[in-house]
Amino acid sequence: MKTTLSFSRPSEVETECLAVVIVDQGEKDKPAPTLLTTDEALKNAAAELTASGEVSGKIFETVLIHRPQGIKAKRLLLVGGGKAKNFSGHELRKLAGTAVRFLKPKQVRSFSFLAPELPAGAADAVKAVVQGAFVGNFDPDIYKSDRKDQRITEITIVVPPGADRAPLETAVNESRILGESQNFTRELVNEPSNRLTPTALAERARKMAEEINSPHFKCETYGADKIKELKMGAFWSVAQGSEEPPALIVLRWSPPDAPEKPVLGLVGKGITFDSGGISIKPSDGMEKMKYDMAGGAAMLGAMRAIALLQPKVKVIAVVCATENMPSGRAQKPGDVQIAMSGKSIEIINTDAEGRLVLADALAYTEDRFKPRFMIDLATLTGAIMVALGHHHAGMFSTDDALAEALAAAGEATGDRVWRMPLGKEYDKQINSKFADVKNVGGRDAGAITAAQFLKRFVKDTPWVHLDVAGTAIGSPQTDVNRSWASGWGVRLLDRLVADKYER
Ligand code: BES
Ligand code: ZN
Ligand code: ZN
């Protein structure tokens with residue numbers, strides 16, 4: 001989608017459709033719908049409608065006016081922003097997505113969106129509109145044979161004629177990169193496991209890095225031999241049951257002007273299909289488990305954004321990709337595996353495989369790259385979904401400052417996190433009779449004992465684990481996200497890096 005800025009009075013914009021936010025400034029039951037603009041001609045064009053009581057400004061409301069009087073646009077689309085006092089960049093992002101989704105099936109291919117004034121400033125308004133538009137323009141229908149190519153091909157963001165050009169152009173550019181990177185992640189997550197095998201995921205990562213084509217951005221991928229050579233016994237224990245070879249994906253962003261040591265180590269769970277293994281899952285809903293690589297896909301999307309936005313800091317991403325399958329070669333409950341760190345793990349349930357691959361991915365990242373901080377993202381437990389639903393990811397951390405930085409980045413981007421506890425009280429649940437640790441801690445505190453298990457494989461690097469089993473997919477699907485996969489985490493990680501490092 002082409003994105004352009006128009007420094008114009010809204011009523012002067014010649015366009016197929018001009019989308020304008022309408023909020024409700026009324027008290028309780030008396031709606032007072034108000035267009036977010038100071039352009040009198042534009043207000044007049046909608047005056048009859050707003051006076052009629054047929055529109056209230058409630059969130060996601062959409063009303064289309066054809067041939068509006070006194071303005072140059074061919075159509076005027078009013079998009080409800082909800083109560084005026086609650087209106088922020090978060091609502092604006094979703095409204096831009098709503099406008100895109102509304103116009104797509106109407107054969108409109110290009111339109112303009114009037115960026116309203118936000119307390120946060122014009123650049124933030126532009127970012128919200130562009131990002132929301134990209135999210136709304138994404139569809140999950142690539143395998144439908146009657147697929148209608150209904151994408152918006154061009155959006156023009158209308159900003160005040162006197163606005164400063166440079167910061168707004170930067171805002172457009174940055175948010176386009178973020179929107180595309182988030183959609184890159186969503187595309188991977190939506191892919192079925194027969195088409196996105198661990199090898200194919202590694203291939204996509206390589207292709208993405210190749211396309212960016214920067215001497216400072218590298219992708220290395222390794223197969224089973226390397227995994228065995230590195231003695232990644234926990235990763236291999238999951239991979240051994242599958243016909244599909246596993247892949248270890250390493251992406252490195254190392255700009256020349258960054259400090260020698262990488263600052264951030266990102267680790268992603270990349271289970272391209274989680275059948276549960278010998279502890280097989282019930283068949284009802286099992287098809288969803290193609291999304292069990294969403295943590296890894298988010299790391300690939302975040303690295304794409306980082307390599308294009310070029311912060312002055314080294315960032316490493318490691319994704320352990322494999323299927324979790326039952327077979328004659330699959331691991332079995334009771335088996336004891338030796339992880340890369342040397343710790344022994346008693347397998348109680350082969351469906352608790354995410355923590356196994358992450359145990360080795362975290363140890364490998366810490367030992368090989370010695371990052372200043374590590375963050376892992378994983379669709380790790382059903383328990384986190386029970387606790388937090390789809391609106392917050394569970395955050396577990398050994399470092400308060402890093403946790404606070406992520407919480408702030410979460411509030412800013414809408415990829416929100418909710419901190420959960422770690423604590424040695426939970427260790428008892430994962431102590432094993434036969435090995436150093438067991439991979440399941442019982443029903444109670446399931447998301448916490450999973451995190452507590454991971455903690456045993458991190459030495460002293462400040463670390464955050466984000467359990468994204470709930471947030472990686474939108475449910476129920478919203479007006480903005482009809483795609484299932486949400487791309488959660490891409491904007492969060494970009495924000496974390498941007499908050500701290502110049503680019
Ligand atoms: N990939 C799943 C997590 C999951 C489960 C996500 C259900 C969404 C819905 C993970 O590998 C898993 O199976 N976890 C088990 C752990 C249990 C065996 C201790 C779970 O959460 O049920
Ligand atoms: Zn599992
Ligand atoms: Zn899993």
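The values are calculated or read from the model by the stated rules, or taken from the named source; none is laboratory data. Nothing here was measured: the structure is a model prediction, and the numbers come from that model. Virtual Cβ from ideal backbone geometry, glycine too; neighbours counted across all protein chains shown. Accessible surface areas use protein heavy atoms only, side chains included; no ligands, DNA or RNA. Shrake-Rupley method; radii C 1.70, N 1.55, O 1.52, S 1.80 Å.
Quick notes on this structure:
- The combined condition, being more than 23 Å from residue 248 (Cα to Cα), basic (Lys, Arg) and assigned to a loop (DSSP other than H, G, I, E, B), is fulfilled by residue 281.
- Filter result for residue 330 (within 14 Å of ligand 2 (Cβ to nearest atom), over 24 Å from the mean Cα position of the chain (by Cα) and either aliphatic (A, V, I, L, M) or assigned to a strand (DSSP E or B) (or both)): yes
- Test: residue in segment 116-132 that is within 18 Å of residue 46 (Cα to Cα), open to solvent by less than 70 Å² (accessible area, probe 1.4 Å) and in contact (Cβ under 8 Å) with a residue 12 or more places away in the chain: yes
- For segment 182-202, the condition of being at pLDDT 95 or above, aliphatic (A, V, I, L, M), crowded, with 21+ Cβ neighbours inside 10 Å and farther than 17 Å from residue 270 by Cα holds for none of the residues.
- Answer from 229, 210, 244 - the residue that is open to solvent by 10 Å² or more (accessible area, probe 1.4 Å), within 24 Å of the chain's Cα centre (by Cα) and modelled with pLDDT of 95 or more: 210
- One residue from 38, 15, 34 being β-branched (Val, Ile, Thr), in contact with a Gly (Cβ under 9 Å, 6 or more places away or on another chain) and assigned by TED's automatic domain parsing to the domain that holds residue 72: 34
- Residue identified as within 16 Å of ligand 3 (Cβ to nearest atom) and more than 27 Å from residue 248 (Cα to Cα) among 420, 385: 385
- Residues within segment 254-278 that are assigned to a loop (DSSP other than H, G, I, E, B), within 14 Å of ligand 2 (Cβ to nearest atom) and open to solvent by less than 30 Å² (accessible area, probe 1.4 Å), tallied: 3
- Pairs with Cβ under 8 Å, 6+ apart, first in segment 304-320 and part of a loop (DSSP other than H, G, I, E, B), second of a type in the set (Gly, Ala, Ser) and open to solvent by 30 Å² or more (accessible area, probe 1.4 Å): 314/254
- Scanning segment 261-278 for residues that are away from ligand 3 (no atom under 11 Å from the Cβ) and not basic (Lys, Arg) gives 262, 263, 264, 265, 266, 267, 268, 278.
- Residue identified as within 12 Å of ligand 1 (Cβ to nearest atom), closer than 26 Å to residue 240 by Cα and not hydroxyl-bearing (Ser, Thr, Tyr) among 285, 342: 285
- Test result for residue 176, under 26 Å from residue 61 (Cβ atoms), charged (D, E, K, R) and either crowded, with 24+ Cβ neighbours inside 10 Å or at pLDDT 95 or above (or both): no
- Residues of segment 374-407 that are within 16 Å of the chain's Cα centre (by Cα) and at pLDDT 95 or above: 375, 376, 377, 378, 379, 380, 392, 393, 394, 395, 406, 407.
- Annotation: of all residues in segment 309-330 being among the charged types (D, E, K, R) and surrounded by fewer than 21 Cβ atoms within 10 Å (Cβ to Cβ), the one that is nearest to ligand 3 (Cβ to nearest atom) is 329.
- Residue match in segment 286-296 (condition: without any contact (Cβ under 8 Å) to a residue 40 or more places away in the chain, away from ligand 2 (no atom under 16 Å from the Cβ) and either of a type in the set (A, V, I, L, M) or open to solvent by 50 Å² or more (accessible area, probe 1.4 Å) (or both)): no
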